[in-house]
1. So, with +1 on the Cβ of K and R and -1 on the Cβ of D and E, and no other charges, what is the size of the charge dipole of region 142-233 about its Cα centre, to the nearest 20 debye?
2. I need 15, 44, 30 ordered by Cβ neighbour count within 10 Å, fewest first.
3. Using only alpha-carbon positions, what ratio does the radius of gyration of region 99-173 give when scaled by 2.2 N^0.38 Å?
4. For 217, 178, which order do you get if you count the other beta carbons within 10 Å of each Cβ and list the fewest first?
5. State the extension gain, in nm to one decimal, for the chain segment bounded by residue 65 and residue 94, taking 0.36 nm per residue of separation less the distance between their alpha-carbons.
6. Might you report the magnitude of the Cβ-based charge dipole of region 59-175 about its Cα centre, with Lys and Arg at +1 and Asp and Glu at -1, to the nearest 20 debye?
7. Starting from the Cα of residue 227, step 7 Å along the direction of its Cβ; do the same at residue 12; then give the gap between the two resulting points in nm.
8. Nearest 10 degrees is fine. How inclined is helix 95-106 to the longest principal axis of the chain, computing both from alpha carbons?
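Just so you know, all these numbers are worked out from the coordinates, no wet-lab data involved. In this text, all values refer to a predicted model and were calculated from it rather than measured experimentally. Cβ: placed from backbone, ideal geometry, glycine included. Neighbour counts: every protein chain shown.
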Amino acid sequence: MDADEPEHDATSAERLGPPVPSEAQEAAARLPTKPDAVVLVGERVRVRPATLHDAARLFAISNGEPVTRLGRSIDAYDPDELVWRFVPVGPFGSPGDYAEHLGSIIDRPDWRTFVVEDVTTGEALGSASLIANSPADLKVEIGALWCTPAVQGMGVMQEACLLLLTHLFALGYQRVEWKCHAGNARSRASAARLGFRFEGVQDHHMITKGRRRDTAWFRILADEWDQVEVGGG
């Protein structure tokens, strides 16, 4: 055999990767490019599709003004430091600025943006999105996550993400991704608590706010989901 001729042995097909089960292929054909506008309800939070009517409410809990949610109050704060520091957008100067941003992501063909709200009062607590949806590959990302400082550390976004994860794997997704600024220790810790596995850092992945961003990648696979143990907080 010529030294440059590729080997053809019994394991060559195995190196291509396992075949996709028929039920997964059916899910790939069924799932829409834009994730469905579902409403998910947990013990403390409800996750529902965002509309432009939510812009003023979301701006009010993320612009640095005092806010009270879930029985906790916070005085005036730095919105860049506590909400937007590691996010590619924000802070926003007015409800109109936030509405322009919200409209742009609502219109994206492979995104679905949600409001995370108090299940009892309906007050907005933050926002989460399903982004970079690729039904053909049975993968999607949970991203664009933020919550008002009044509820940070209370497990609000953890509950919202668990609702989304349960929903996504029930639909047939095989991979759910999470990525964040490599310097965002809070987001990385959240991913770990939710059971995401760290895959590595992609250096110089993006340019955001005039700075080079290294991005940390995480994921949960469908066959891991039943074994995921979610951490506290």
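1. Taking the Cα centre of region 142-233 as origin, the dipole is about 540 debye.
2. Going from least to most buried by this count: 15, 30, 44.
3. Cα-based Rg divided by the globular estimate yields 1.16.
4. 217, 178
5. So the extension gain works out to 9.2 nm.
6. In total the dipole reaches around 420 debye.
7. 3.2 nm
8. Between the helix axis and the principal axis of the chain, the angle is about 20 degrees.
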